[in-house]
Amino acid sequence: MDAVPFHIGITTDDLGASMLALADALGVTWTTPTAGEGVFHTVDGVPQPRPISCVSRQGPIHLDLIEGRPGTIWESAGPRLHHFAYWTDDLATDVARLAAEGWRLEMTSPDAQGRPTLFAYLIREDGFRLELIDSAGRPHYQARLQAPS
C-alpha cells in the first residue's frame, strides 16, 4: 500500500455548489461528474447505487467530490471528509492486514471466492475511513483525469 494518499474523498449534498466553491477557493478544475454503472453492496448486503462524482484534475493528491445520496454510505448533509484513498498492489493482503489491526471491511467488489477486488472501503470504530484501490486501476483513473469536460 502506498504511504501517501492519491485522493481525498469529500461527500456533499450539492455537487454543483461544492464544485464551484472549491474551484474558486482552490483554483482546481473538475472532471465531468459521472456515476459508474451497476450497484455496489456493503459487506452486510445493503445495495449502494454508484454515486455521481468528479475528481480535481490537479494533484498530486486529488479531490474526489462525491454527491452523497440518502441511505448510502456517502450520505451527507453538507461537504464532509469521507475517506483517504491509497493505491495497493495487493488489495486482499492489505485488507486482511488492516482487518487484523481492527479495521472493518465496509464495502468491496468481491470475486467468486469472496476476496476483495477493485477497491475496498475500510472503517474504524471511530469512523475514520480508508479506500484501498487496486493499482491495476491506475490507467483508468489517469484516463478519467485527462478526458475532456
How large is ³J(HN,Hα), in whole Hz, for each residue of region 112-129 in order, when computed from phi with the Karplus curve 6.51 cos²θ - 1.76 cosθ + 1.60 and θ = phi - 60°, using x for Gly and Pro? 4, 8, x, 7, x, 9, 6, 7, 7, 9, 10, 9, 9, 4, 7, x, 5, 10
Which one, 119, 107, 143, projects farthest toward the positive side of the charge dipole computed for the chain from Cβ point charges (K/R +1, D/E -1)? 143
In degrees, nearest 10, range 0 to 90: what is the angle between the Cα axis of helix 15-26 and the longest Cα principal axis of the chain? 70
Please give the calculated 222 nm ellipticity per residue for the chain, where each DSSP H segment of at least 4 residues contributes -39500 (n - 2.57) and the sum is spread over every residue; nearest 500 deg cm²/dmol? -6000 deg cm²/dmol
Mind checking which of 26, 132, 98 has the largest fluctuation in a GNM of the chain, springs on alpha carbons under 10 Å? 26
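Quick one: net charge of residue 88's neighbours, Cβ under 12 Å, K/R +1, D/E -1?
Working: positive: 97, 138; negative: 2, 89, 90, 94, 131, 134.
With Lys, Arg at +1 and Asp, Glu at -1, the neighbours total -4.
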With 10 Å bins from zero, work out the P(r) of region 20-70 over every alpha carbon pair and list the percent per bin. 24, 41, 25, 9
If you plug each phi of region 45-59 into the Karplus form 6.51 cos²θ - 1.76 cosθ + 1.60 with θ = phi - 60°, what whole-Hz ³J(HN,Hα) values come out, in order, with x for Gly and Pro? x, 7, x, 10, x, 4, x, 7, 8, 9, 10, 5, 6, 7, x
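With N set to the number of residues, divide the alpha-carbon radius of gyration of the chain by 2.2 N^0.38 Å and report two decimals. Could the numbers behind the result be given before it?
Working: Rg = 15.0 Å, N = 149, 2.2 N^0.38 = 14.7 Å.
Taking N as the residue count of the chain, the ratio is 1.02.
A short reminder: the numbers here are calculations on the coordinates, not readings from a lab. Computed from a predicted structure; not experimentally measured. Ideal geometry is used to build each Cβ from the backbone, glycine not excepted, and the neighbour counts take in all protein chains shown.
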